[in-house]
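The values are calculated or read from the model by the stated rules, or taken from the named source; none is laboratory data. Small disclaimer: the values here were computed from a predicted structure and weren't measured. Here the Cβ is made from the backbone with ideal geometry for all residues, glycine too, and neighbour counts use every protein chain on show.
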Amino acid sequence: MQLGVLVYDSLERTSGGYRYDRRIVAGLRDQGHEVTVVAIPRDGYVTNLLDNVSRSVAANLAGLDVDVLLQDELCHPSLIRYNRRCDDGTPVVSVVHHLRCLEQRSTWTNALVRAIERHYLETVDAFVYNSEPTRETVEALVGPTLGVVAPPGGDHVDPEITRPQIRRRARESGPLRIVFVGTLIERKGLHTLLRGLSACPADEWTLTVVGDPTVDRAYVRRIDGLIDTLGIGPSVTVAGRLSDAALTATLRDGHLLAVPSDHEGFGMVYLEGMGFGMPAIASAAGGASEIVADGETGVLVPPGDPGAVAEAVGPLAADRERLAEMGVAARDAYDAHPDWRDAVDRIEAFVTEISEATKSRSRPRDTWT
């Protein structure tokens, strides 16, 4: 089968959504399918809306002859016009990690983003969802959909840490070693984490911040200012982007993963941290609850609630036996989670069915049901 995959910029970006796309592409290729990746520039939401009148998307996709075209939903600002005008019969499948309209903005701005996103979702034939909550958010906008839920696997890293090592690490004296991993954008909630930690005794914790600082430089400047204002600079290390080896070492050494996002469609980073025996402070909004069992393998906190972060950190810093038990439970949950092969198999079966149904009907894409 010949497949097209459309993303912004390239597959080499480091966020969870790009890692998901990258693993799916690699898996489909391993199973003998020809996969062509088409990248269009990501230039900001408003600028990418202009792709709909510049013909740039159509030019990038010109000559692409595939059985199914998969589009990362992140690219939706650029694709509304293309999808509505494309009449070559190729089914379009949107790969949805989370909806942009769920991010925190002013009311009127988010109403506009919601309308744009809904228009895009109405132009596609089917969906790949990273979690059941992601499916629910899409169907709340557009009604019932044809789709498959294919959760990410957790097996792309080898934690190489045993349960006795997890227990010994938890019982070490000294401050709780907390790690934040995520692109440095407002939605990931680093500001909430910093405010919550500032309410805890300074000798109780340290924080290492890992993430790409180039996506939203204004937010990074705000974070730098917040660290200074809160007076927590000695306890915070902003490491920026790390190599896979350096990130692995950081996670192996840490006690607790903390990413209190506004919303996560799935939250691959929580699963990754759990592989290293790190309980997760995770967002109660979105799909994190499918990974993190509140009070067992981590703590779910409401978005934008520094007090909840402080209440989660304090007991774990004080009770290292509880930290050890939660760390082992986190590793157990990681080991029980389906692997990437399962996600690839689900997607392969789904797009194959769509391709075969489209060919047998021999009708234009916009009339296929």
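Odds and ends about this structure:
- Of the residues in the range 183-192, not one is out of contact with any Gly (no Cβ under 6 Å at 6 or more places or on another chain), over 20 Å from Glu311 (Cβ atoms) and at pLDDT 95 or above.
Every residue, every condition in (1) among the hydroxyl-bearing types (Ser, Thr, Tyr); (2) surrounded by 24 or more Cβ atoms within 10 Å (Cβ to Cβ); (3) modelled with pLDDT of 95 or more, yes or no:
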position: Met278; (1), (2), (3): no, yes, yes
position: Ala284; (1), (2), (3): no, no, no
position: Ile291; (1), (2), (3): no, yes, no
position: Glu296; (1), (2), (3): no, no, yes
position: Val301; (1), (2), (3): no, yes, yes
position: Asp305; (1), (2), (3): no, no, yes
position: Asp319; (1), (2), (3): no, no, yes
position: Arg322; (1), (2), (3): no, no, yes
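- Some residue of the range 83-90 being farther than 30 Å from Thr248 by Cβ and touching a Leu at 6+ places or on another chain (Cβ under 9 Å): yes
- Checking each residue in the range 99-123 for being among the hydroxyl-bearing types (Ser, Thr, Tyr) and either free of Cβ contacts under 8 Å to residues at least 40 places away in the same chain or loosely packed, with under 15 Cβ neighbours inside 10 Å (or both) picks out Ser106, Thr107, Thr109.
- The single residue among Arg13, Arg29 that is part of a loop (DSSP other than H, G, I, E, B) and either closer than 19 Å to Val344 by Cα or of a type in the set (Lys, Arg) (or both) turns out to be Arg13.
- Considering residues of the range 85-98 that are modelled with pLDDT of 90 or more and of a type outside the set (Val, Ile, Thr) only, the residue surrounded by the most Cβ atoms within 10 Å (Cβ to Cβ): Ser94
- Residue in the range 170-219 that is surrounded by the most Cβ atoms within 10 Å (Cβ to Cβ), counting only those that are among the acidic types (Asp, Glu) and assigned to a helix (DSSP H, G or I): Glu186
Residues are listed down the side, and each one gets a yes or a no for (1) basic (Lys, Arg); (2) within 21 Å of Arg195 (Cβ to Cβ); (3) part of a strand (DSSP E or B):
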| position | (1), (2), (3) |
| --- | --- |
| Val238 | no, yes, yes |
| Thr250 | no, no, no |
| Met278 | no, no, no |
| Pro315 | no, yes, no |
| Arg322 | yes, no, no |
| Glu325 | no, no, no |
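Matching residues to (1) within 23 Å of Pro303 (Cβ to Cβ); (2) part of a helix (DSSP H, G or I); (3) not hydroxyl-bearing (Ser, Thr, Tyr):
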site: Asn83; (1), (2), (3): no, yes, yes
site: Val95; (1), (2), (3): no, no, yes
site: Trp108; (1), (2), (3): yes, yes, yes
site: Ala111; (1), (2), (3): yes, yes, yes
site: Arg114; (1), (2), (3): yes, yes, yes
site: Thr123; (1), (2), (3): no, no, no
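- Residue in the range 139-148 that is under 17 Å from Leu257 (Cβ atoms) and not hydrophobic (A, V, I, L, M, F, W, C) present: no
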